[in-house]
1. Given a Förster radius of 41 Å and the C-beta distance between Val18 and Glu104 as r, what FRET efficiency does 1/(1 + (r/R0)^6) yield to the nearest 0.05?
2. Which of the DSSP-defined H helices in the chain satisfy a minimum axial length of 18 Å, computed from C-alpha atoms, and a minimum mean Kyte-Doolittle hydropathy of -1.0?
3. Could you pull out the longest piece of the chain with no exposed loop GluC sites (Glu not before Pro) in it, calling a site exposed if DSSP puts it outside H, G, I, E, B and it has at most 14 other Cβ atoms within 10 Å?
4. Where q = 0.07, 0.11, 0.14 Å⁻¹, what log10 of I(q)/I(0) comes from the Debye formula for the chain, counting one point per Cα?
5. Using Cα pairs under 8 angstrom and six or more residues apart, how large is the relative contact order of the chain, in percent?
6. Suppose R0 equals 22 Å. What FRET efficiency, 1/(1 + (r/R0)^6) with r the Cβ-Cβ distance, do Glu249 and Arg186 give to the nearest 0.05?
7. Any chance you could check the Cα centroid distance between segment 46-88 and segment 245-287 for me, in angstrom?
8. Take the Cα of Arg294, step 7 Å along the line toward its Cβ, and report every residue of segment 51-91 whose backbone nitrogen sits under 13 Å from that point.
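Nothing in this text is a laboratory measurement; each read-out follows from the coordinates by a stated rule. Because the structure is a prediction, the values reported are computed rather than measured. As a convention, Cβ positions derive from the backbone with ideal geometry for all residues, glycine included, and neighbour counts pool all protein chains shown.
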Amino acid sequence: MIVKSLQYGIEYLFVKAVVFFVSLFPWRCNRKLAAALLPLFALMGYKRLAVDNIKKAHLDLPKEGKPLKAFVREVFIQNILTYIEMIHLMTMGKEDVLKVISIENEEVLKRIYNEYPGVIFVLGHLGNWELMGQAVAYKGYPLAVIARRQNNPLTDRLVNRMREKSGVKIIYRDRRAVPETLRLLREGYGVAILNDQDGGIAGVTTTFMGRRCSTPHGPVIFALKTGCPVSFVTVRRLEDGTSVGHIGEPFLLTRQHEDLDDDIRFHLQGLVDRLEEAVKENPAQWNWLANRWRTQRK
C-alpha cells in the first residue's frame, strides 16, 4: 500500500510538472510543441498499432510509402495536440476556452434543451472532445459526461477539477452509472458518451471501417429506456489551432424489431456509421492509436 501511494505521488508530481511546462507556452505554439514532442510519443509503442489500424481501414490512402508515413505523422501530432490542449484547460477560464472553440450551429443546441427533457450526446475521440464539453457547459447548458475512473486517484481528481470548473458533472463507469445517468436525464441534463472504444466481451458486434468490432451499447439502451433523443456531436481542429464543434440534429430511437437485441444492434450500427462518416471527413484527427478492434468478432 505504501509503495502504491508513493507511485501515485510520483506520477502526480510528474503530471503537475508537465502542466507547468506546457502552460509556459501560449496556445498558438501548441502545434510546434506537438512536433517537438513527436519523437517521444513515437517511442511509446503506439506506432505499430496505429499503422496497422490505418492500413486495414477503408480509407482513401496509399498503403505504403511517403503519403502513408506523412499521414501517420499527422495522426500522432493531432493526438499530441489533444493532450497539450487538455493540459492548457487545467489553467484556462471561461473566456479563454470560448476563444479557442466555437459551436457552429448553437441554435440546434438551444432547441434541443428547450424541446426535450434530456438528451444523449454521442461522440468519438475525434478532435478535442474535452474542449467541446467545456464549451457547452460554459455556455450554460447542463452537461454530464460518463468517464472512466483513473487508477491514480490524485491525477483523477486533477483531471476532474478541470472538467468540473466549467460545470460539467462526472458520471463514473461503475455500478452507480446507470441510475445516475437516468436521474440526470430526468433533470434535463445532456449526457455525453464517448462510444468509439472497444466494448469487450459485453459489447455488441458492429462493423466499423469495414472490420467487425465490439461496441458499447449504453447510448442505445438509455435512449430506448428513457425516450430521450440522441444527438451525434463532432469536433474538428482548424489549421489555426482553434476548434469547431457541430451539434447533430436530435433523433429518437424507436423499436423496429420484435427482439430487443435486434433493435440494439440496428441502432448501434447506425451510430457507428455516423462516426465512420465523421472520421472519413477528418481522418487524421481520430484516435488511431487506440486498440479499437481489440475484441475480434467473426
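1. Numbers: r = 32 Å, r/R0 = 0.77.
E(calc), rounded to 0.05, equals 0.85.
2. Sorted by number, the helices that extend far enough and score high enough are 2-23, 66-89, 260-281.
3. Numbers: sites that count: Glu64, Glu104, Glu187, Glu239, Glu258.
Counting only loop sites that pass the neighbour cut-off, the longest clear stretch is 105-186.
4. Log10 of I(q)/I(0), two decimals: -0.27, -0.70, -1.17.
5. In percent, rounded to a whole number, it is 24.
6. Step by step, r from the Cβ atoms, then E = 0.45.
7. 23
8. Those under the cut-off are none; the list is empty.
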